[in-house]
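Heads up, the thing below is written out as C-alpha cells.
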Amino acid sequence: MTQWPNPFSREGADPSPRPENSAAGPGDTGSESWPSYPSSNPYPPAPYPPAQSPAPTSPYGPAPYGSNPYAAAAYGYTPANHPQAVASLVMGVVGLVICSYVGIAAFIVGGRARKEILAQPQRYSGLGMATAGWIMGIIGIVLAVLTTLFFIIGFSGGWDR
C-alpha cells in the first residue's frame with residue numbers, strides 16, 4: 001500500500017522558492033522535489049439540498065405576515081393562577097359554610113392576591129377566584145360580626161324578659 005506524501009513536510013524539498021515561469025505542470029515530476037497530487041478530487045462536493053416547496057395555501061387567502069397556526073401563545077406560556085387566589089376562594093367557602101371567622105383571613109388574602117394580579121397581569125391569572133374569595137370574606141365578616149353580637153347580647157341577659 002502506498003502512502004500519500006505529507007504536504008506539510010519539507011523533507012527533500014528544494015530550499016529555494018519555485019520559479020514562477022517554470023514549465024513544469026501540475027502533474028510533472030521533474031527535477032524539483034515538490035510533491036505531486038492527483039488532479040481529480042476523490043470526494044466531489046455534495047449537491048445542494050432541493051428547494052422546499054412553499055407552505056400550502058389556504059382557500060381563504062394568505063395568512064397575515066408572521067402568523068403561524070401551530071405556534072405557541074404570544075409570550076410562549078399562559079399565566080398561572082395566583083396561589084393566594086385559590087387559597088382565598090377556599091377560605092371564603094369555609095368561612096361561609098363552617099366557620100364565619102375564617103372569612104377575615106379570606107378577605108385579607110383575597111385583597112392581597114387581587115392587588116398582585118392587577119399589578120402583574122402577564123404573570124398571574126385568577127382574578128375571578130381572588131375576587132370571589134374576597135367577596136365571600138366580606139360576607140363571612142358580616143356573619144361573624146352578627147354572630148358575635150348575637151352571643152354578646154344573649155349572654156348579657158338582653159333577652160331574659
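Here the calculated FRET efficiency for Asn81 and Ile108, from their Cβ-Cβ distance with R0 = 22 Å, stands at 0.75, rounded to the nearest 0.05.
Here the range 76-161 has 72 percent of its accessible surface on carbon and sulfur atoms, given a 1.4 Å probe and all protein chains in place. From most to least packed by mean Cβ count within 10 Å, the peptides 111-119, 85-93 give 85-93, 111-119.
The values are calculated or read from the model by the stated rules, or taken from the named source; none is laboratory data. These figures come from a predicted structure and were not determined experimentally. Using ideal geometry, Cβ is built from the backbone for each residue, glycine included, and neighbour counts are taken over all protein chains shown. With ligands, DNA and RNA removed, areas are computed over all heavy atoms of the protein, side chains included. Shrake-Rupley method; radii C 1.70, N 1.55, O 1.52, S 1.80 Å.
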